[in-house]
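Here is the structure we will look at.
The values are calculated or read from the model by the stated rules, or taken from the named source; none is laboratory data. Note that the structure is a prediction, hence the values are computed from the model and not measured. Note: ideal-geometry Cβ built from the backbone for every residue, glycine included; neighbour counts use all protein chains shown.
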Amino acid sequence: DGGITQSPKYLFRKEGQNVTLSCEQNLNHDAMYWYRQDPGQGLRLIYYSQIVNDFQKGDIAEGYSVSREKKESFPLTVTSAQKNPTAFYLCASSRRGADTQYFGPGTRLTVL
Amino acid sequence: QKEVEQDPGPLSVPEGAIVSLNCTYSNSAFQYFMWYRQYSRKGPELLMYTYSSGNKEDGRFTAQVDKSSKYISLFIRDSQPSDSATYLCAMSAGSGGYQKVTFGTGTKLQVIP
């Protein structure tokens with residue numbers, strides 16, 4: 001079955017630690033996205049990538065980093081510079097130039 | 001003012017009711033409109049996709065767009081307890097290249113058996 005997988009489902013991190021969230025897709029989509037979802041704020045775009053080896057900052061990129069070395073994979077690193085990292089993180093993908101995005105199941109990150 | 005406004009609810013209805021979910025927006029360039037359904041602690045699932053003004057029907061779901069009023073709606077007929085979820089509207093200008101999608105904050109719906 002084609003789809004998007006995110007791991008882990010739940011992640012706990014101590015303050016000052018970097019942590020990497022995994023996102024893999026087998027939809028053969030060129031574009032991938034990372035969003036953060038907080039109560040009452042909707043989805044906010046962190047980073048997006050339209051093609052392998054290229055990515056762009058979204059609206060709230062500070063304290064995050066990404067890489068796109070393979071078409072199928074778009075990992076997100078939450079660094080210690082992110083001041084309020086506790087949130088629900090969603091990865092999505094789409095055909096390049098398309099606005100219909102398909103989402104993974106999400107990772108809930110909690111900073112202790 | 002947010003580009004996309006959506007009442008957070010919660011909206012509680014009895015099973016079998018017709019549900020109306022709505023979003024307003026301020027950017028007149030938006031021409032592609034989507035509705036997503038998100039169950040608790042899950043990722044959003046694309047429900048409906050429409051272009052420009054008009055109606056689109058898919059089973060019990062009807063999406064309606066009124067660009068003149070900058071208002072979109074999702075109607076759910078014969079609502080079921082399994083429809084209980086948060087519904088997100090989303091929209092984009094579709095101007096080519098990267099399509100920035102702007103999401104509403106979501107309306108929480110509860111269908112009571």
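Out of the strands (runs of 3 or more DSSP E) lying entirely within region A:1-44, which hold 2 or more residues that are loosely packed, with under 14 Cβ neighbours inside 10 Å?
Numbers: elements: A:4-7, A:10-13, A:19-25, A:31-38.
Qualifying strands (runs of 3 or more DSSP E): A:4-7, A:10-13.
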Within the set of pairs 6 or more residues apart or between chains, which connect a residue that is farther than 17 Å from B:Ser12 by Cα and surrounded by fewer than 18 Cβ atoms within 10 Å (Cβ to Cβ) inside region B:59-84 to a residue that is hydroxyl-bearing (Ser, Thr, Tyr) and at pLDDT below 95 with Cβ atoms less than 8 Å apart? B:Asp66/B:Ser53; B:Lys67/B:Ser28; B:Lys67/B:Ser52; B:Lys67/B:Ser53; B:Ser68/B:Ser53; B:Lys70/B:Ser28
For region B:42-113, list the strands (runs of 3 or more DSSP E) that sit wholly inside it and hold at least 1 residues that are under 10 Å from the mean Cα position of the chain (by Cα), more than 14 Å from every other protein chain (Cβ to nearest Cβ) and under 24 Å from A:Pro105 (Cβ atoms); which are they? B:71-76
A:Tyr48: passes all of (1) surrounded by fewer than 21 Cβ atoms within 10 Å (Cβ to Cβ); (2) over 20 Å from B:Gly106 (Cα atoms); (3) within 14 Å of chain B (Cβ to nearest Cβ) but (1)
Just checking, does region A:51-60 include any residue being out of contact with any Pro (no Cβ under 9 Å at 6 or more places or on another chain), surrounded by 13 or more Cβ atoms within 10 Å (Cβ to Cβ) and in a strand (DSSP E or B)? yes
Consider B:Ser20 carefully, then state whether it is without any contact (Cβ under 8 Å) to a residue 24 or more places away in the chain and either surrounded by fewer than 16 Cβ atoms within 10 Å (Cβ to Cβ) or acidic (Asp, Glu) (or both). no
Condition (residue is at pLDDT 95 or above, farther than 21 Å from B:Glu5 by Cα and either surrounded by 15 or more Cβ atoms within 10 Å (Cβ to Cβ) or out of contact with any strand residue (DSSP E or B) (no Cβ under 9 Å at 6 or more places or on another chain) (or both)) applied to region B:88-108: is it met by at least one residue? no
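Which one of these is surrounded by 13 or more Cβ atoms within 10 Å (Cβ to Cβ), modelled with pLDDT under 95 and closer than 28 Å to A:Gln56 by Cα: B:Tyr25, B:Tyr36, B:Tyr32, B:Tyr51?
Selected residue: B:Tyr32, the only one of B:Tyr25, B:Tyr36, B:Tyr32, B:Tyr51 that is surrounded by 13 or more Cβ atoms within 10 Å (Cβ to Cβ), modelled with pLDDT under 95 and closer than 28 Å to A:Gln56 by Cα.
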Strands (runs of 3 or more DSSP E) contained in region A:71-112 and holding at least 1 residues within 7 Å of chain B (Cβ to nearest Cβ), in contact with a helix residue (DSSP H, G or I) (Cβ under 9 Å, 6 or more places away or on another chain) and not β-branched (Val, Ile, Thr): none
Tell me, which residue of region B:18-41 that is under 15 Å from B:Ala90 (Cβ atoms) and of a type in the set (Phe, Trp, Tyr) is farthest from the other protein chains (Cβ to nearest Cβ)? B:Tyr25
